[in-house]
1. Any chance you could give the angle, 0 to 90 degrees and rounded to 10, that helix 441-461 forms with the longest Cα principal axis of the chain?
2. Give me the compactness ratio for the range 41-188, meaning the Cα radius of gyration over 2.2 N^0.38 Å.
3. Please determine, in degrees from 0 to 90 and to the nearest 10, the orientation of helix 294-311 with respect to the longest principal axis defined by the Cα atoms of the chain, where the helix direction is its Cα long axis.
4. Multiply the residue separation of residue 234 and residue 120 by 0.36 nm, subtract the distance between their alpha-carbon atoms, and state the gained length in nm to one decimal.
5. How high is the FRET efficiency from residue 106 to residue 535, r the C-beta distance, R0 45 Å, rounded to 0.05?
6. Rounded to the nearest 500, what is the 222 nm mean residue ellipticity of the chain from helices alone, with -39500 (n - 2.57) per DSSP H run of 4+ residues and division by all residues?
7. Nearest 10 degrees, 0 to 90: what angle lies between the long axis of helix 471-485 and the longest principal axis of the chain (Cα atoms)?
8. Taking neighbour Cβ counts within 10 Å as the exposure measure, how do 60, 455 sort from fewest upward?
Ligand code: FAD
Ligand code: NAP
């Protein structure tokens with residue numbers, strides 16, 4: 001039989017879409033269960049986020065000792081990080097090290113994009129269609145497609161007329177890009193821009209930063225990892241990982257468990273000062289109510305404003321860099337290396353788009369409503385169609401022909417962020433409705449992968465072949481996700497968490513903000529109760545085919 005025909009006839013136990021950290025670990029777990037799994041990946045290598053986001057300055061904002069897999073002690077002892085917050089090249093090397101260690105590549109088909117998936121009730125099978133292979137069939141599909149994997153290019157008039165080079169931070173070329181002697185425009189001031197601007201400014205002739213909305217950024221205080229620090233972690237890794245899994249964010253961090261309003265003005269300032277010196281996202285742990293109480297949050301905002309004013313020498317530029325339209329932390333807080341200092345360089349100009357928006361891109365550069373800028377290169381640091389964009393690009397048809405696009409028309413509806421009713425045997429890793437992007441994502445990935453693997457093992461031992469989310473359980477979960485979000489300040493920001501960065505996208509708070517530890521307990525309790533809220537059935541044909 002020709003290879004394509006043989007592949008079409010074969011029914012895998014599982015197809016996994018995506019070979020980032022989620023897909024890689026999922027494959028490893030399924031092999032351990034003796035299940036046949038095939039991974040389909042659009043890129044030419046593993047690593048997902050760290051394969052695509054190769055822009056200068058890209059690095060993690062969760063410490064590397066924690067932003068790494070904890071499922072294998074051998075792995076975590078063997079790998080050595082060079083910096084507290086490692087850069088993209090090193091994280092990509094780590095992803096490849098994981099692939100080598102567990103011999104993952106032999107079950108991954110690279111350079112292949114999944115375009116559609118449809119469920120057949122009679123055979124209890126998904127048929128997965130791609131852009132370059134014969135359709136692949138499997139009893140289960142696991143979407144490890146990532147929350148931040150669909151780059152977003154804004155619709156700016158004339159975008160395609162530009163004669164210079166254009167880049168998106170999320171689809172950066174694999175070869176080194178040299179900006180020496182170039183005039184570069186960066187559109188956007190989110191995390192990707194804030195990381196890349198200082199690095200590009202050190203090389204380019206001139207950088208224009210086109211800012212529509214300023215963001216809060218905290219210095220990372222990145223540094224080489226000291227041997228003793230690494231040794232402390234490695235001696236105590238098992239306990240520390242276990243502790244991190246119980247926390248809100250999946251990160252061991254020093255939470256100051258009191259209200260910002262409980263301290264005097266002087267004590268508060270001293271405490272914020274300490275946190276600023278410590279650096280990184282830990283700043284948001286300065287007090288326990290920064291995400292809950294606007295008055296408390298305002299104190300942190302005032303402190304960071306003061307810091308920006310003290311770093312940026314030109315008071316007019318400093319004022320433009322002050323975020324004022326959202327509480328601190330309600331958009332993903334940025335972590336930087338010398339971002340605000342970069343605006344003291346003579347070769348960096350901040351262009352405030354608030355009053356003078358971009359009107360068009362021209363062959364030679366970019367026009368705002370006030371002025372034309374000649375550019376050699378434009379960098380779109382304009383973010384992602386987060387959490388739902390990648391899944392909705394795939395044409396997914398579930399039970400009775402129902403589509404994921406219809407079922408999510410008013411925003412993503414899931415049970416636990418793991419499944420969507422009407423899409424049997426289709427799991428999502430870190431789907432909307434789970435802590436995902438509000439957490440150390442490797443911790444959340446591991447939790448989902450383990451839960452899915454254990455669920456599949458349970459189904460096999462209990463002779464169940466089809467699992468679906470119960471509609472009523474899903475509705476209750478969606479209501480809970482919303483309810484918890486609205487007890488916080490988060491919905492006050494026009495963030496990508498809310499879908500607000502994509503014109504026409506329904507505005508609902510997508511991740512679950514109840515916390516990683518609480519969420520894990522809920523998932524475990526549901527599994528222990530025989531997968532409460534899921535409906536499991538036994539499809540004879542499917543079981544026979546699998547046996
Ligand atoms: P991804 O890494 O996004 O992998 C998904 C894979 O699926 C991709 O390789 C993609 O090509 C593939 N795919 C998608 N659709 C298809 C399709 N239709 N067909 C075939 N293949 C497909 N999180 C943190 O916790 N800490 C951090 O410090 C941090 N830093 C980040 C920095 C950047 C620049 C970005 C963009 C994100 C960052 N994140 C961070 C979030 C990061 O996405 C996760 O930590 C993690 O890497 C996600 O892994 P994943 O496997 O779930 O998804
Ligand atoms: P982002 O946070 O969504 O930022 C996009 C930026 O582009 C915003 O400043 C936005 O302005 C601007 N923008 C979009 N369209 C525009 C337009 N038409 N004109 C002018 N400006 C426009 O995207 P991101 O920086 O890529 O980050 C996304 C997420 O990835 C982060 O929040 C984080 O979770 C993750 N990430 C993490 C790190 C890290 O530190 N480890 C680094 C990079 C990314 P508005 O705000 O006005 O819309």
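1. Its long axis makes an angle of about 10 degrees.
2. Compared with the compact-globule rule of thumb, the range 41-188 sits at 1.29.
3. Result, in degrees: 50.
4. The residue 234-residue 120 span can extend by a further 36.3 nm.
5. 0.80
6. -9500 deg cm²/dmol
7. 20
8. Fewest-to-most ranking of 60, 455: 455, 60.
Read-outs: derived from the displayed coordinates by stated rules, not from any lab. The model shown is predicted, which means the values in this text are computed figures rather than measured ones. When we count neighbours, we look across all protein chains shown, and the Cβ atoms used for this are built from the backbone with ideal geometry, even at glycine.
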